[in-house]
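Here, each number is a calculation from the coordinates, and none is a lab measurement. Just so you know, these numbers come straight off a predicted model, no measurement behind them. Here the Cβ positions follow ideal geometry from the backbone for every residue, glycine too, while neighbour counts run over all protein chains shown.
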Amino acid sequence: MITAANQQREEELITQYVDPDPHGRGPAEARLRDYGTSVWALVAYYLDAVDHDLDRVARDYDVPREAVEAALAYYRRNQALIDARLLLNAWA
């Protein structure tokens, strides 16, 4: 269960680290501010490559752990769209 405090923290992380797609293609194309890394790429790596290891994602992408937490919070809010983006990427 997500508490109000957790929701507030997630919102703060998203506001601090996540930018919408500058080309207006939608939530699935959001990126990390100051790093340019796609949220969907971090999520895919987290889910499929490193067995849900936040620290490894942060280390391998050279971003702060909080940025990965922000990407995952954003993913939870936009899961259907980002999952669809991941499926499209898998077929490419």
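Close amide H pairs (under 5 Å, H built 1.01 Å from N) link G26 with D21, residues at least 5 positions away or on another chain. Highest GNM mean-square fluctuation among E69, E29, E12, for the chain modelled with Cα contacts below 10 Å: E12. Going from the fewest other Cβ atoms within 10 Å to the most, the residues T15, T3, T37 appear in the order T3, T15, T37. The per residue volume of the convex hull around the alpha-carbon atoms of the stretch 4-91 is 94 Å³. Note on D55, D83: ascending count of other Cβ atoms within 10 Å places them as D55, D83, the fewest first.
With neighbours defined as other Cβ atoms within 10 Å of a residue's Cβ, the residues H52, H23 order from fewest to most as H23, H52.
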